[in-house]
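Structure first, commentary second.
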Amino acid sequence: MPDAEGHPDLDEMELGAVLSALADPLRRRVVGDLLRCQAGHERTCVSFNLPVSKASLTHHFRVLREAGLIRQENRGNSRAATLRRHDLESRFPGLLALVAADLSRD
């Protein structure tokens with residue numbers, strides 16, 4: 001069962017949900033930006049400068065969080081996102097390498 005913030009446990013992460021989340025180019029961009037950061041690095045949602053409204057930004061990060069791609073923590077009046085690298089690599093070995101390779105082609 002996902003925690004109170006909507007983060008699924010490792011064994012609850014589903015490939016279909018992860019692939020669906022990654023199907024959107026803006027969400028792939030967020031994951032790619034986090035891949036380029038050191039493990040554990042936090043970024044606020046607005047720091048990604050996505051060309052969408054605040055409501056759409058909230059939606060994109062909710063999809064990423066509920067799929068298990070990111071972990072979000074409240075930081076006062078904002079939320080910080082980190083990539084769940086270890087969990088993703090454990091559950092879906094090689095997936096992040098494929099995402100990184102795809103993003104490097106663009």
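The values are calculated or read from the model by the stated rules, or taken from the named source; none is laboratory data. Owing to the predicted nature of the structure, the values given are computational and were not obtained by experimental measurement. Backbone-built Cβ (ideal geometry, glycine too); neighbour counts: all protein chains shown.
Computed values, structure above
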item	result
Residues within the range 63-72 that are in a strand (DSSP E or B) and either more than 20 Å from Arg36 (Cβ to Cβ) or of a type outside the set (D, E, K, R) (or both), tallied	2
Within the range 9-49, tally of residues that are surrounded by fewer than 17 Cβ atoms within 10 Å (Cβ to Cβ), touching a residue at least 24 places away in the same chain (Cβ under 8 Å), of a type in the set (A, V, I, L, M) and in a loop (DSSP other than H, G, I, E, B)	1
Residue in the range 68-75 that is among the polar types (S, T, N, Q) and either within 20 Å of Leu103 (Cα to Cα) or surrounded by fewer than 16 Cβ atoms within 10 Å (Cβ to Cβ) (or both) present	yes
Residue check for Leu34: touching a helix residue (DSSP H, G or I) at 6+ places or on another chain (Cβ under 9 Å), more than 19 Å from Glu5 (Cβ to Cβ), among the aliphatic types (A, V, I, L, M) and modelled with pLDDT of 95 or more	no
Test: residue in the range 75-96 that is farther than 22 Å from Pro8 by Cβ, outside any helix (DSSP H, G or I) and aliphatic (A, V, I, L, M)	no
